[in-house]
Amino acid sequence: MGRTSITQAGEFPPATCLVSQKVPPPPIFPSLQLYGDEKMTAMSKTVGCTAAIGTRLVLDGTVDTKGLILPLTKQIYEPALDLLSEEGLVFKESVHVEGPQIQIQA
């Protein structure tokens, strides 16, 4: 089997600003770079692991919502992302801020 790869990148618009915020937060840019290996293609890792983890979360009771649901609640996406991370499927997030450079002291 030849080496396969997946590259995925996106952009999430800024979250809705609170009234107290004068400047909206910048968008978030998630990205994923994944390579297949001698056991599994990159596509089978992303599709197979995601389906298996979703099934596991339903069967072990972590997700108890009935019907067709989107993975947009913390009850679903937090444990799913943790388990995907254990399988090496990790999105990296970056934020691009325009404007004057400032230093933040911790």
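Against the definition (within 17 Å of residue 91 (Cβ to Cβ), free of Cβ contacts under 8 Å to residues at least 60 places away in the same chain and either touching a Leu at 6+ places or on another chain (Cβ under 9 Å) or not β-branched (Val, Ile, Thr) (or both)), how does residue 39 come out, yes or no? Reasoning before the result, please.
Values: within 17 Å of residue 91 (Cβ to Cβ): no; free of Cβ contacts under 8 Å to residues at least 60 places away in the same chain: yes; either touching a Leu at 6+ places or on another chain (Cβ under 9 Å) or not β-branched (Val, Ile, Thr) (or both): yes.
So residue 39 fails the test.
Looking only at region 70-81, filter to residues that are part of a helix (DSSP H, G or I) and over 10 Å from the mean Cα position of the chain (by Cα); which one of those is surrounded by the most Cβ atoms within 10 Å (Cβ to Cβ)? Give the steps one after another, and end with the answer.
Filtering region 70-81 down to residues part of a helix (DSSP H, G or I) leaves 74-81.
Next, only the ones that are over 10 Å from the mean Cα position of the chain (by Cα) stay: 74-76, 79.
Details: 74: 8, 75: 15, 76: 18, 79: 16.
Applying the filter and picking the extreme gives 76.
Consider region 38-69. How many of its residues are among the basic types (Lys, Arg) and surrounded by 14 or more Cβ atoms within 10 Å (Cβ to Cβ)? Steps first, please.
Pass one, region 38-69, residues among the basic types (Lys, Arg): 39, 45, 56, 66.
Those still in the list that are surrounded by 14 or more Cβ atoms within 10 Å (Cβ to Cβ) too: 45, 56.
The number of residues fulfilling the criteria is 2.
Considering only residues that are of a type in the set (Lys, Arg) and in contact with a Leu (Cβ under 8 Å, 6 or more places away or on another chain), look in region 42-70 and name the one that is modelled with the highest pLDDT.
In the first step, residues of region 42-70 are kept if they are of a type in the set (Lys, Arg); the result is 45, 56, 66.
Imposing the further condition that a residue be in contact with a Leu (Cβ under 8 Å, 6 or more places away or on another chain) reduces the set to 45, 56.
Working: 45: 90, 56: 95.
The selected residue is 56.
Working carefully through the options 58, 63, find the one that is free of Cβ contacts under 8 Å to residues at least 12 places away in the same chain and either part of a strand (DSSP E or B) or more than 22 Å from residue 7 (Cα to Cα) (or both). Walk me through how you get there before you give the answer.
Values: 63 fails: free of Cβ contacts under 8 Å to residues at least 12 places away in the same chain.
Selected residue: 58, the only one of 58, 63 that is free of Cβ contacts under 8 Å to residues at least 12 places away in the same chain and either part of a strand (DSSP E or B) or more than 22 Å from residue 7 (Cα to Cα) (or both).
Can you go through 35, 77 and tell me which one is of a type in the set (Phe, Trp, Tyr), closer than 29 Å to residue 4 by Cα and modelled with pLDDT of 90 or more? Before you say what the answer is, go through the steps one by one.
Numbers: 77 fails: modelled with pLDDT of 90 or more.
Just a single option satisfies the conditions, and that option is 35.
The values are calculated or read from the model by the stated rules, or taken from the named source; none is laboratory data. What you are looking at is a predicted structure, and each value in this text was computed from that prediction instead of being measured. Neighbour counts run over all protein chains shown; Cβ positions are idealised from the backbone, glycine included.
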